[in-house]
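> Shown below is the structure under consideration.
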Amino acid sequence: SMPMPCAEGTYSDEIGLSRAAQCTQTDPGFYAIAGSTRQTECAVGTAQPDAGKGSCNTCEAGTFQDNEGQSSCRICSVGSFSANILSCEKCQVGEYCPEGSKTGSLCPIGSTTAGRGAQSFGECGCRAGTYDAALGDEITCKQCNADMLCESTGVTLASVPLRTSSWRHSNRTAAVYKCGT
């Protein structure tokens, strides 16, 4: 009779085996093609959660694996994304990234984030020189007037600082007056 190789998902570096049950099953994080004499680590960007497999699974977008021989892909944390299965990177300026993002979600037109790594829509705000005039969950950016100090990202109508010797009736109005007028 003819010798038979160990099946896919198993391996053996011994000769003279008499039955398939003598082949060794691969461990999680490893694979073996038919006839293998050793198990092989899953490559970077892949993982294998099960024992006895002939291949590894490619990580899905939004997950990554930067080590060899792993049994699972890692999920990108909030504020980061993974489009390349090898790593996560901080979300770009003007985008926010919930956990497991494969790309960033854009802030509304005219708005941005204060920097990289924004985690939620709530971190989107109007650009410096403008303020958010909306009172609800929407963002409506308006140009600041000369008496408003809109030097940072994310200024709202309620929080816009005023120059000294300026005032307004309430934090819900954009009308600014000089003191003494």
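> Can you work out which of the residues in the range 51-64 that are assigned to a loop (DSSP other than H, G, I, E, B) and open to solvent by 20 Å² or more (accessible area, probe 1.4 Å) is nearest to E89 (Cα to Cα)?
Applying the filter and picking the extreme gives A61.
> Can you work out which of the residues in the range 6-33 that are modelled with pLDDT of 95 or more and hydrophobic (A, V, I, L, M, F, W, C) is farthest from G52 (Cα to Cα)?
I33
> Hey, can you tell me all the residues within the range 78-95 that are open to solvent by 30 Å² or more (accessible area, probe 1.4 Å) and over 13 Å from the mean Cα position of the chain (by Cα)?
V93
> Only residues that are open to solvent by less than 40 Å² (accessible area, probe 1.4 Å), over 28 Å from Y96 (Cα atoms) and part of a loop (DSSP other than H, G, I, E, B): list them for the range 123-167, please.
D147
> Looking at (1) in contact with a Pro (Cβ under 8 Å, 6 or more places away or on another chain); (2) open to solvent by 40 Å² or more (accessible area, probe 1.4 Å), which one does Q48 not meet, given that it meets all the others?
For Q48, the failing item is (2).
> Pick from the range 65-77 the residues that are open to solvent by less than 30 Å² (accessible area, probe 1.4 Å) and within 19 Å of Q39 (Cβ to Cβ): which of them is modelled with the lowest pLDDT?
Filtering the range 65-77 for residues that are open to solvent by less than 30 Å² (accessible area, probe 1.4 Å) and within 19 Å of Q39 (Cβ to Cβ), the one modelled with the lowest pLDDT comes out as Q65.
> Does any residue of the range 115-122 turn out to be open to solvent by 60 Å² or more (accessible area, probe 1.4 Å), under 30 Å from D66 (Cα atoms) and of a type outside the set (D, E, K, R)?
So far as the range 115-122 goes, yes, one or more of its residues are open to solvent by 60 Å² or more (accessible area, probe 1.4 Å), under 30 Å from D66 (Cα atoms) and of a type outside the set (D, E, K, R).
> Being surrounded by fewer than 21 Cβ atoms within 10 Å (Cβ to Cβ) and either out of contact with any Gly (no Cβ under 7 Å at 6 or more places or on another chain) or not in a loop (DSSP other than H, G, I, E, B) (or both) is the filter here, so list the residues in the range 96-110 that pass it.
P98, E99, T103, S105, L106, P108, I109, G110, listed by residue number.
> Okay, moving on. Just to be sure, is D50 of a type in the set (D, E) and within 15 Å of the chain's Cα centre (by Cα)?
no
> Report, ordered by the first and then the second residue, all pairs with beta carbons closer than 7 Å, sequence separation of six or more or different chains, a first member in the range 63-87 that is closer than 26 Å to K53 by Cα and acidic (D, E), and a second member that is part of a loop (DSSP other than H, G, I, E, B) and open to solvent by 70 Å² or more (accessible area, probe 1.4 Å).
D66/L86
The values are calculated or read from the model by the stated rules, or taken from the named source; none is laboratory data. Because the structure is a prediction, the values reported are computed rather than measured. Every residue, glycine as well, gets a Cβ built from its backbone with ideal geometry; the counts of neighbours run over all protein chains shown. The protein model used for the area step is the full one, side chains on, heavy atoms only, and it has no ligands, DNA or RNA in it. Shrake-Rupley method; radii C 1.70, N 1.55, O 1.52, S 1.80 Å.
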